[in-house]
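**Q** Before anything else, here's the structure in question.
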Amino acid sequence: MTFHQEKQCATLEGNIYADEQVWNTASFNKNRSGIIFALSAPSGTGKTTVAQKVVQNIPGLIRSVSLNTRKKRSTEKDGIDYIFVSKEEFDNRIKEGYFIEYTEIYGAKRGTPKDALVQNQQKGIDTICVIEWHGVQTLKKLYGQSVVSIFLMPPSIGALEKRLTLRNQDHINDIQQRLRHANDEVMYVKEYDYCVVNDRLAQCVFDVSSIIFAERHKTFRAKL
């Protein structure tokens, strides 16, 4: 990365775009429907961290927090990273029609709440979702061009294995299962609108943020 790029990343990390006079949220949503940014990545690539930092940097962007039935990790916060619930409660929510999409992976269920996402889209509020490939397909069928899909790619499978090992939160058998699943997920990358490699967090946040800014200003979205 060049010095200029480093400076750009640092600037974005510093959140200088929070100036309300420059980045008035209303200017983003008064003439269009909300955009749903669907962010996918293999386990350990850093998709939740990237989503959180992007939301911190971009006014008018809300993160949809998924419900998850797996055990909370020591580094996670309930209601921030995921909303952790029992499988029984999750199944009850399915019966109630609470989710716009849900899936089961690694023995745990994960789902995206429907009402807030639908309301944001109708009000012109942009939302970023951390979601699996199948969920992306569901959203695309429902909302078409209002959905922008982004796949975060690890630098390599070797780098991903190192990340999973260093976070010291999974059994070796679970790590191998996640690596096998990562190989399967990468096969779908060409079905996404964008692909960003998460080699350096600041650069990755900058790249994803740039995609969001560009998509907000596409002419076909404006109701002129």
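**Q** Over all directions, how big on average is the projection of the convex hull of the alpha-carbon atoms in segment 65-106, in square nanometres?
**A** The number I arrive at for segment 65-106 is 3.1 nm².
**Q** Using alpha-carbon positions, what is the distance between the centroids of segment 68-138 and segment 178-224, in Å?
**A** Here the two parts' Cα centres lie 20 Å apart.
**Q** Let me ask something else about it. Could you please report the charge total around S149, scoring K, R as +1 and D, E as -1 over all other residues with beta-carbon less than 12 angstrom from its beta-carbon?
**A** -2
**Q** To make sure I understand, if each residue's beta carbon is the centre and we count other beta carbons within 10 Å, what order do S209, S33 fall in, fewest to most?
**A** Least crowded to most crowded, the residues run S33, S209.
**Q** Send over the per residue convex hull volume for segment 32-217, Cα only, as a whole number of Å³.
**A** 113
**Q** Tell me the Rg and the Dmax, in Å, that the Cα atoms of segment 65-173 produce.
**A** 15.5, 45
**Q** Here's another thing I want to ask about it. How would you rank F220, F213, F37, F206, going from fewest to most other Cβ atoms within 10 Å of each one's own Cβ?
**A** The order, fewest Cβ neighbours first, is F220, F213, F206, F37.
**Q** Quick one: of K53/K87; K53/K162; K71/K123; K77/K140; K77/K218, which pairs are farther than 32 Å apart, Cα to Cα?
**A** K71/K123; K77/K218
**Q** Restricting to Cα pairs below 8 Å that are 6+ residues apart, what does the relative contact order work out to for segment 32-217? Please round to a whole percent.
**A** With pairs under 8 Å counted, the relative contact order is 32 percent.
**Q** Oh, and also: Counting only DSSP beta bridges with both residues in segment 32-217, tell me the antiparallel percent, nearest 5.
**A** Of those bridges, close to 30 percent are antiparallel.
**Q** Once all Cα-Cα distances of segment 178-222 are split into 5 Å bins that start at 0, what whole-number percent is in each one?
**A** With a bin width of 5 Å, the distribution comes to 5, 17, 18, 20, 21, 11, 5, 3, 0.
**Q** Note down, for segment 24-105, the three equivalent ellipsoid semi-axes (square root of 5 times each alpha carbon gyration tensor eigenvalue), biggest first, whole angstrom.
**A** Gyration-tensor ellipsoid for segment 24-105: 26, 18, 11 Å.
**Q** Taking 0.36 nm per intervening residue step and subtracting the Cα-Cα distance, what contour gain separates V186 from D78 on full extension?
**A** Result for the pair: 36.0 nm of gain on full extension.
**Q** With a sphere of radius 13 Å drawn around the Cβ of H217, what net charge do the other residues whose Cβ falls strictly inside it have (Lys, Arg +1; Asp, Glu -1)?
**A** Local net charge: +2.
Throughout, read-outs are computed from the coordinates displayed, never taken from laboratory work. Computed from a predicted model, the values in this text were never measured in an experiment. Cβ: placed from backbone, ideal geometry, glycine included. Neighbour counts: every protein chain shown.
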